[in-house]
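Here is the structure we will look at, set down as structure tokens.
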Amino acid sequence: MGLYPLFADLTGLPVLVVGGGHVAERKIAALLAAGAQVRVGAPTLTPVLMQQVEEGKLEHHAGPFQPTWLNGMWLVIAATDDRDLNAQVAAAASERRIFANVVDDPALSRFQVPAVVDRAPLTVAISTGGAAPVIARRVRETLETELDHALGPLTALAQRHRARITQRWPDLPERRAFYDWLHDGPVMALLRNARSDEAEQVFLDALSATEAPASKGSVLLVGAGPGDPGLLTLRGLRALNQADVILHDSLVSEAVLVLARRDAERIDVGKRCGGRHTQQEQIHQLLLDLAQAGRRVVRLKGGDPFVFGRGGEEMEFLRQHGIPCEIVPGITAAVACAAYAGVPLTHRDHARSVHLLTGHGKESLDAMDWPALAQDHQTLAVYMGVARLDEFTQRLLQNGRRPDTPFVIIENGTLPQQRVVSGVLHELPARAREQAIHPPALLIIGEVAALAHEHAWFGSLHA
Ligand code: SAH
């Protein structure tokens, strides 16, 4: 027989917990949070429970269990480690028609306490009917990552204005459409961004407008991280789950893309288009067209969108055209590759600063302050540098960086095929050629790079 799920309003109702240990402590905390009037029955209490009794938050029946403790109770939880005693409590409760729960003992329990995902006032309760609590816990973990934290404030907002919503949209289909707009549109986005006043205003405007609010397109610039899907942020994951269309670079790994909503359209803008300039313009136009067509667009970029990712340009363009555009940061290649190679980017003994540089294009090399970069005890993290290793090395050496300064090159960082090649500055181009380094690869130059030998923990190190 299945269980009948219910949510109980315990405000002001007397509830008994038998047992004064740590399990009882957890149960009591949840009951107090639900507003119950809790009595604890046990010969001894944990210090926390004792304090709650002293503060008058909790009543205490001292001594061994007495069936009379149950008089006047609405619920009882038996949380002792003595199965016979728990059974006695359950039997006494049953005689008095009081619902009893015995912790971790479904056979003795009349009601069970579910695993909970809390987005108050929204609560998701999960039960396997006592069959396999571990499975319930796994489901809870999945939901914890997937359910947006802004669902709490969104539900609270709908709760405050529920009567007005029903009045404004008396027909169910229209009301549903309004709730869809609430969940998918600008109100939720504002709540997610800690802008609750604005969210409320947009909501109220929509309620008083004559037309139903139309779903507007939007663009989210999302950092996919360096490749390992475990390095995607929760926000990034949720964005992928909600996207109608995903425009991604070729650098974004397949392992990340499979996390997206199955029916989301995917466009690989890394390969599709031709020359560099047209490419960026075409991407801008594509983003604009899709958003103007009312679609939720995720622009997914390797690493972080704002680190050598042209995220700034895309954001500017979209804002100029009145398209809402937000950013979900990602773990940038320098941070991720350094970590996965065991190289701390800063270190009290070895590096006082980190410079993120790009070796892309001759102009960018000409524009750099080489005398400053050549000073010791600082870390240089070089993106897109594979093609210009010779020039890079030469300029550093010419400007006085020590020839024995350690370096590492991390190829395919954080991916299963990651390779780390190490050496010292004067032999850098030769080492890279000899090991046939291919993009994507990140170069780290600086005293800290030597630490890779001691701390490498992922993939292979070619010393
Ligand atoms: N926005 C990205 C950088 C894009 S530029 C970020 O924040 O990481 C592309 C360059 O990033 C590559 O040429 C390479 O130098 C570096 N890169 C990106 N992913 C990498 C990876 N998995 N391993 C090594 N280098 C990587």
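Here are the criteria: (1) surrounded by 20 or more Cβ atoms within 10 Å (Cβ to Cβ); (2) among the hydrophobic types (A, V, I, L, M, F, W, C); (3) closer than 30 Å to Gln418 by Cβ. Tell me which single one Leu190 does not satisfy.
Single failed check for Leu190: (3).
Which is on the phi < 0 side of the Ramachandran plot and in contact with a Phe, Trp or Tyr (Cβ under 6 Å, 6 or more places away or on another chain), of Arg395, Arg402, Arg419, Arg433?
Selected residue: Arg395, the only one of Arg395, Arg402, Arg419, Arg433 that is on the phi < 0 side of the Ramachandran plot and in contact with a Phe, Trp or Tyr (Cβ under 6 Å, 6 or more places away or on another chain).
Which numbered condition in (1) farther than 24 Å from Leu231 by Cβ; (2) at pLDDT below 95; (3) within 16 Å of the ligand (Cβ to nearest atom) is the only one that Leu428 fails?
Only one criterion in (1) farther than 24 Å from Leu231 by Cβ; (2) at pLDDT below 95; (3) within 16 Å of the ligand (Cβ to nearest atom) is unmet by Leu428, namely (2).
Counting only residues that are away from the ligand (no atom under 16 Å from the Cβ) and part of a loop (DSSP other than H, G, I, E, B), which one in the stretch 369-399 is nearest to the chain's Cα centre (by Cα)?
Gln378
Where residues in the stretch 1-22 are farther than 16 Å from Gly72 by Cβ and aliphatic (A, V, I, L, M), which of them is most open to solvent (accessible area, probe 1.4 Å)?
Checked the stretch 1-22; the qualifying residue most open to solvent (accessible area, probe 1.4 Å) is Met1.
Can you tell which of Thr346, Thr332 is in contact (Cβ under 8 Å) with a residue 60 or more places away in the chain and surrounded by fewer than 16 Cβ atoms within 10 Å (Cβ to Cβ)?
Values: Thr332 fails: surrounded by fewer than 16 Cβ atoms within 10 Å (Cβ to Cβ).
Result of the check over Thr346, Thr332: Thr346.
Taking Gly217 as meeting all but one of (1) over 18 Å from Ala264 (Cβ atoms); (2) away from the ligand (no atom under 16 Å from the Cβ); (3) open to solvent by less than 40 Å² (accessible area, probe 1.4 Å), write down the number of the exception.
Result: Gly217 fails condition (1) only.
Return only the number of the condition from (1) over 26 Å from Gly302 (Cα atoms); (2) open to solvent by 10 Å² or more (accessible area, probe 1.4 Å); (3) not hydroxyl-bearing (Ser, Thr, Tyr) that Gln417 does not satisfy.
Among (1) over 26 Å from Gly302 (Cα atoms); (2) open to solvent by 10 Å² or more (accessible area, probe 1.4 Å); (3) not hydroxyl-bearing (Ser, Thr, Tyr), the lone unmet condition for Gln417 is (1).
The conditions are (1) modelled with pLDDT of 90 or more; (2) within 16 Å of the ligand (Cβ to nearest atom), and Ala293 fails exactly one of them. Which is it?
Exception for Ala293: condition (2).
In the stretch 427-437, is there at least one residue being in contact with a helix residue (DSSP H, G or I) (Cβ under 7 Å, 6 or more places away or on another chain), over 25 Å from Glu254 (Cα atoms) and open to solvent by 40 Å² or more (accessible area, probe 1.4 Å)? Steps first, please.
Keep residues of the stretch 427-437 that are in contact with a helix residue (DSSP H, G or I) (Cβ under 7 Å, 6 or more places away or on another chain), which gives 428-429, 432, 437.
Right, trim to over 25 Å from Glu254 (Cα atoms) and you get 428-429, 432.
Checking the rest, the ones that are also open to solvent by 40 Å² or more (accessible area, probe 1.4 Å) come to none.
No - not one qualifying residue is present in the stretch 427-437.
Those residues that are in a helix (DSSP H, G or I) and among the charged types (D, E, K, R), I need them from the stretch 281-315; list them, please. Before the answer, list the steps.
Step one: list which residues in the stretch 281-315 are in a helix (DSSP H, G or I), which gives 281-292, 311-315.
Answer for the stretch 281-315, where residues must be in a helix (DSSP H, G or I) and among the charged types (D, E, K, R): Glu281, Asp289, Glu313, Glu314.
With Leu221, Leu190 as the choices, which residue is modelled with pLDDT of 90 or more, in contact with a Pro (Cβ under 7 Å, 6 or more places away or on another chain), closer than 28 Å to Leu247 by Cα and not basic (Lys, Arg)? Working first, answer last.
Working: Leu190 fails: in contact with a Pro (Cβ under 7 Å, 6 or more places away or on another chain).
That would be Leu221, the only listed residue that is modelled with pLDDT of 90 or more, in contact with a Pro (Cβ under 7 Å, 6 or more places away or on another chain), closer than 28 Å to Leu247 by Cα and not basic (Lys, Arg).
Residues that are closer than 30 Å to Ala334 by Cβ, at least 2 per element: which helices (runs of 4 or more DSSP H) completely within the stretch 147-266 meet that? I'd like the intermediate steps shown before the answer.
Numbers: elements: 151-160, 162-168, 172-184, 186-192, 196-208, 234-242, 254-257.
By residue number, 186-192, 234-242, 254-257.
Restricting attention to the stretch 403-411, does a residue exist that is near the ligand (Cβ under 10 Å from one of its atoms), assigned to a loop (DSSP other than H, G, I, E, B) and open to solvent by less than 20 Å² (accessible area, probe 1.4 Å)? Before you say what the answer is, go through the steps one by one.
Of all residues in the stretch 403-411, those near the ligand (Cβ under 10 Å from one of its atoms) come to 409-411.
With assigned to a loop (DSSP other than H, G, I, E, B) added as a condition, the list becomes none.
No, the stretch 403-411 has no match at all.
Could you grab me the full set of residues in the stretch 322-347 that are more than 13 Å from the ligand (Cβ to nearest atom) and at pLDDT 95 or above? Break it down stepwise before answering.
Within the stretch 322-347, the first condition is being more than 13 Å from the ligand (Cβ to nearest atom), and the residues that meet it are 322-326, 342, 344-347.
Of everything in the stretch 322-347, those that are more than 13 Å from the ligand (Cβ to nearest atom) and at pLDDT 95 or above turn out to be Gly342, Pro344, Leu345, Thr346, His347.
So, restricting to strands (runs of 3 or more DSSP E) that lie completely within the stretch 58-121, which ones have at least 2 residues that are modelled with pLDDT of 95 or more, open to solvent by 20 Å² or more (accessible area, probe 1.4 Å) and out of contact with any Phe, Trp or Tyr (no Cβ under 7 Å at 6 or more places or on another chain)? I'd like the intermediate steps shown before the answer.
Numbers: elements: 59-61, 75-78, 99-102, 115-119.
Result: 59-61.
Quick one: is Asp228 among the acidic types (Asp, Glu), modelled with pLDDT of 95 or more and within 16 Å of the ligand (Cβ to nearest atom)? Show your work before the answer.
Working: among the acidic types (Asp, Glu): yes; modelled with pLDDT of 95 or more: yes; within 16 Å of the ligand (Cβ to nearest atom): yes.
Yes.
Testing Arg319 on (1) within 8 Å of the ligand (Cβ to nearest atom); (2) without any contact (Cβ under 8 Å) to a residue 12 or more places away in the chain, one condition comes back false. Which one is that?
(1)
Considering only the stretch 217-262, state which residues are farther than 21 Å from Gln418 by Cβ, out of contact with any strand residue (DSSP E or B) (no Cβ under 7 Å at 6 or more places or on another chain) and polar (S, T, N, Q).
Within the stretch 217-262, just Asn241 meets the criteria.
Select from the stretch 23-40 the residues that are among the aliphatic types (A, V, I, L, M) and surrounded by fewer than 16 Cβ atoms within 10 Å (Cβ to Cβ) and list them in ascending order. Outline the logic, then answer.
Residues of the stretch 23-40 that are among the aliphatic types (A, V, I, L, M), as a first pass: 23-24, 28-34, 36, 38, 40.
Across the stretch 23-40, the qualifying residues are Ala29, Ala30, Ala33, Ala34.
Restricting attention to the stretch 361-368, does a residue exist that is within 14 Å of the ligand (Cβ to nearest atom) and buried (at least 22 other Cβ atoms within 10 Å of the Cβ)?
Within the stretch 361-368 (the criterion being within 14 Å of the ligand (Cβ to nearest atom) and buried (at least 22 other Cβ atoms within 10 Å of the Cβ)), the answer is no, since none of the residues qualifies.
Identify, from the list Gly225, Gly230, the residue that is in the same structural domain as Glu326 (by TED's automatic domain parsing), within 16 Å of Asp304 (Cα to Cα) and crowded, with 22+ Cβ neighbours inside 10 Å. Break it down into steps so the answer makes sense when it comes.
Working: Gly230 fails: crowded, with 22+ Cβ neighbours inside 10 Å.
Result of the check over Gly225, Gly230: Gly225.
Filter the stretch 236-254 for residues that are within 16 Å of the ligand (Cβ to nearest atom) and either open to solvent by 50 Å² or more (accessible area, probe 1.4 Å) or more than 21 Å from Leu147 (Cα to Cα) (or both) and give the result.
Those that are within 16 Å of the ligand (Cβ to nearest atom) and either open to solvent by 50 Å² or more (accessible area, probe 1.4 Å) or more than 21 Å from Leu147 (Cα to Cα) (or both): Leu247, His248, Asp249, Ser250, Leu251, Val252, Ser253, Glu254.
The values are calculated or read from the model by the stated rules, or taken from the named source; none is laboratory data. If you're wondering where the values come from, they're calculated on a predicted model, not measured in any experiment. Virtual Cβ from ideal backbone geometry, glycine too; neighbours counted across all protein chains shown. Keep in mind that these areas ignore ligands, DNA and RNA; they rest on the heavy atoms of the full protein, side chains included. Shrake-Rupley method; radii C 1.70, N 1.55, O 1.52, S 1.80 Å.
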